[in-house]
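Below is one structure, written out as structure tokens; the observations come after it.
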Amino acid sequence: MTNPLSLKDILAIPDRVNDLPDWVREPFCRFIRLKQRNWPAKRVKQHTFHQSRMMVSMILHLNEKGACQDWTDWSVRLIEAYIDDKLREGKAPGTINWHLYIFRSFCQFAIDEGYPVPHILTRIKVLDTPKRLPRPLSDEQLLRLEACIKEASVRAENEFHRKVAIRDLAFFYLMWQCGMRISEVRELLVQDVDLSGRKLFIEHSKEGRDRMIYISETAAAALGEHLATRRHRDSPYVFAGRHGPLDARSIADRFRRYREQCGVFVTPHRLRHSFASQMLAAGMSITSLQRYMGHEDLSTTLIYAEVSDPMLQKDYYRGAATFDPASAELARRFLGLSQKDELRQLIAELKCPQLEPMQRMEILEQMESILDDSERDSETSEQSA
């Protein structure tokens, strides 16, 4: 077995923190140390590195711009200048907001510790961000990508490249057909794989929760072949590199290569979007999908319903059939949900305590519409008889 990182390595504060001036360095180190206690152990080192690097860069920027010598020199004006500079650099509003969230949290920590930080800094407004819908791949794109990866193993120049292609196919299926995050794939342990039961145990996912997921026959076969041929047999990780789990950048680079070969713009997270959209289109309830994907808030899962909503699609075809008879056939062909199945799905959604009043009202209206359709169908059948 590969020796895990020691606790000292995991909790280490990056050397770059030493670039901070004395008056802010010591409280910042305590701030990071407290956050480390709430992070999953396997992500402590990564989160520590990224947040320390970002915060050190931001604080040094503020101090240089405002010639700051103390906490009281920090101001909203300096923060606004920082935001403008980052926008000019081409940083996305979402990225800048992440900086602001952590900075506000640090300021609140410093205030609680008794440092003279201006309270207004804990209420800095973040930037408006566009509400973007997930962009799932089409069935044709997924099949083209699948064929490209399969072909790579057939055309491999040597045994090493063949094993790499087999590995690529395994994590492709885990992301597409099982909806796993890239972090969950790379950190998957051999001991958490149950091929015979067709399920995987996900430990400490993004929300810090454990969960069990089920895997398709195709994904199980690909995963089994990878486990039988993988290079680092002594590693506890299913997808192992030289020093622990395979690097996320390495996985992304492999997908980038296949994207160039088959012309499908794919990313690991886009495969997860595709999975969620396909499951909703197949009739999976929104609450079941929430549990499967490990979403803490139902609102996160509901985003996918805006991309793939079978009942909304059926409602559209029902209306379109009044002026386009061909649409009635489309509704019958693509939406095979019975009225009972639709009602069961909506009832499951109603049971979720996180629903907003408006969402609950929309579901009730959909249920009422289904019942009205059922009554009309019954009346039509009686008249025909």
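Being of a type in the set (Gly, Ala, Ser) and either outside the structural domain of ALA220 (by TED's automatic domain parsing) or modelled with pLDDT under 85 (or both) narrows it down to one residue among ALA252, ALA276; which is it? Break it down into steps so the answer makes sense when it comes.
Details: ALA252 fails: either outside the structural domain of ALA220 (by TED's automatic domain parsing) or modelled with pLDDT under 85 (or both).
After applying the criteria, what remains is ALA276.
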Quiz prompt | Boolean, GLY66 is of a type outside the set (D, E, K, R), out of contact with any helix residue (DSSP H, G or I) (no Cβ under 8 Å at 6 or more places or on another chain) and not assigned by TED's automatic domain parsing to the domain that holds ASP247 | solution = no
Practice problem: Quick one: which residue in TRP39, TRP71, TRP98 is surrounded by 13 or more Cβ atoms within 10 Å (Cβ to Cβ) and under 24 Å from PRO116 (Cβ atoms)? | Solution: TRP71
Quiz item: For GLN141, which of the numbered conditions (1) touching a Gly at 6+ places or on another chain (Cβ under 7 Å); (2) part of a helix (DSSP H, G or I) fails to hold?
Solution: (1)
Quiz item: Somewhere in the stretch 111-127, is a residue in the same structural domain as ILE32 (by TED's automatic domain parsing) and in contact (Cβ under 8 Å) with a residue 60 or more places away in the chain?
Solution: yes
Practice problem: Check whether at least one residue in the stretch 153-165 is touching a residue at least 60 places away in the same chain (Cβ under 8 Å), assigned by TED's automatic domain parsing to the domain that holds ARG231 and surrounded by 20 or more Cβ atoms within 10 Å (Cβ to Cβ), and report yes or no. | Solution: no
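Can you confirm whether LEU133 is aliphatic (A, V, I, L, M) and surrounded by 14 or more Cβ atoms within 10 Å (Cβ to Cβ)? It would help to see each step written out before you state the result.
Details: aliphatic (A, V, I, L, M): yes; surrounded by 14 or more Cβ atoms within 10 Å (Cβ to Cβ): no.
For LEU133, the condition - aliphatic (A, V, I, L, M) and surrounded by 14 or more Cβ atoms within 10 Å (Cβ to Cβ) - is not met.
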Exercise. Given the conditions (1) hydroxyl-bearing (Ser, Thr, Tyr); (2) touching a Pro at 6+ places or on another chain (Cβ under 8 Å); (3) more than 25 Å from TYR304 (Cβ to Cβ), report the number of the one that SER153 does not fulfil.
Key: (2)
Quiz item: Would you call LEU223 touching a residue at least 12 places away in the same chain (Cβ under 8 Å), assigned to a helix (DSSP H, G or I) and either buried (at least 19 other Cβ atoms within 10 Å of the Cβ) or within 15 Å of the chain's Cα centre (by Cα) (or both)?
Solution: yes
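Got at least one residue in the stretch 122-139 being over 24 Å from the mean Cα position of the chain (by Cα), under 20 Å from ALA228 (Cα atoms) and modelled with pLDDT of 90 or more?
Filtering the stretch 122-139 down to residues over 24 Å from the mean Cα position of the chain (by Cα) leaves 122-125.
So of that shortlist, the ones also under 20 Å from ALA228 (Cα atoms) come out as none.
Scanning the stretch 122-139, I find no residue that is over 24 Å from the mean Cα position of the chain (by Cα), under 20 Å from ALA228 (Cα atoms) and modelled with pLDDT of 90 or more, so the answer is no.
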Exercise. Go through the stretch 20-34 and give me each residue that's of a type in the set (Val, Ile, Thr) and farther than 15 Å from VAL117 by Cα.
Key: ILE32
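Please find, among ASP247, ASP253, the residue that is closer than 26 Å to GLN46 by Cβ, surrounded by fewer than 17 Cβ atoms within 10 Å (Cβ to Cβ) and free of Cβ contacts under 8 Å to residues at least 60 places away in the same chain. Talk me through it step by step, then tell me what you get.
Values: ASP247 fails: free of Cβ contacts under 8 Å to residues at least 60 places away in the same chain.
Exactly one residue qualifies, and that residue is ASP253.
The values are calculated or read from the model by the stated rules, or taken from the named source; none is laboratory data. Here the structure is a predicted model, which is why all the values come from computation and not from measurement. As a convention, Cβ positions derive from the backbone with ideal geometry for all residues, glycine included, and neighbour counts pool all protein chains shown.
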